[in-house]
Structure formats: C-alpha cells, structure tokens
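Taking it in order: structure first as structure tokens, then the write-up.
The values are calculated or read from the model by the stated rules, or taken from the named source; none is laboratory data. Note that the structure is a prediction, hence the values are computed from the model and not measured. FYI the Cβ positions are ideal-geometry reconstructions off the backbone, even for glycines, and counts take in every protein chain you see.
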Amino acid sequence: MDSWIGEHPELLPALERGEDVSFAGRVLIPIAACGRLEGILALAAARPIDGSTRLALRKLCEPAATVLARLREQDEAMETVVTLATQLTDSLRAARGFTRMALDDARTTCVGSPEYLSAALRNINRLGELAVGLQHAGIDA
C-alpha cells in the first residue's frame, strides 16, 4: 500500500472515504475496518468492472480488513512493549550501577549492610533480564 500512496498520494483521500478509484487500467478498492484504511485491493482491468463484481470484491475485502486491523493493533502493541522494555532496561542499568558502587563502598568501609545491597542488586539484575527478554520478544515478533 505504501508504494501506491507514495506514487499517487492524490488517490488517498478518496480511498479513505471508502470510494473505489479507477485509473490507468487499474481499479483500487479500499480495505477498511472501523473507518480506517488498512489496505488496498488493486486489480488490473482491461475494461470497466460492473457493479455486481465491485460488490463481490468489496465483500472479499471485509474479512481481510478485520485481519489487517488486528495485525496493525498487535504490531502497535508490540512496539509499545519494546519501548517500555527499553526504558525499563535503561533505568535498571543506572540503578544497578549505583547499587554496585554502594555495595563496593559498604564492603571497603565496613559501614552498612552489604547483604541488603547484594539482595537489591540481585533483584535489579533479574528485572533487567526480564526487560531484555521483553525487548527480544518484541523484536522477534
């Protein structure tokens, strides 16, 4: 769809309104769900397509629109998960660094309780591993 829109951006408003577009021996039929253009069915046509054929083609586009809408929603959700995982990872790296510095300081000065800092560091490391796993799950999806 992107290449069609890139080559002929003037066609987009009509397709977004749900209108079929005919030009240069092609018929473009919008694939839309909930008022949003999800794709375009493009057909090469040597002659005009009659109304009953257009209606049948539009009926074919209805289930495709539902599938495409769900795929787009899943893709958007996965992008959100990856963004959150990245932000979580960055924060955890900073917390881990500060905790390591405090733990090293507590061990060398014998002040404070290194076991609490060690426990905090273990938990930060576990959260970091989870965040990295979320990032990879989103990238691999």
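Among the candidates 54, 93, 70, the residue that is assigned to a helix (DSSP H, G or I), touching a strand residue (DSSP E or B) at 6+ places or on another chain (Cβ under 8 Å) and of a type in the set (Lys, Arg) is uniquely 54.
Contact annotation: residue pairs with Cβ atoms under 9 Å, 6 or more positions apart or on different chains, pairing a residue in region 42-64 that is within 11 Å of residue 25 (Cα to Cα) with a partner that is at pLDDT below 85 and assigned to a helix (DSSP H, G or I), are 42/4. Checked against (1) assigned to a loop (DSSP other than H, G, I, E, B); (2) surrounded by fewer than 12 Cβ atoms within 10 Å (Cβ to Cβ), residue 13 passes all but condition (1).
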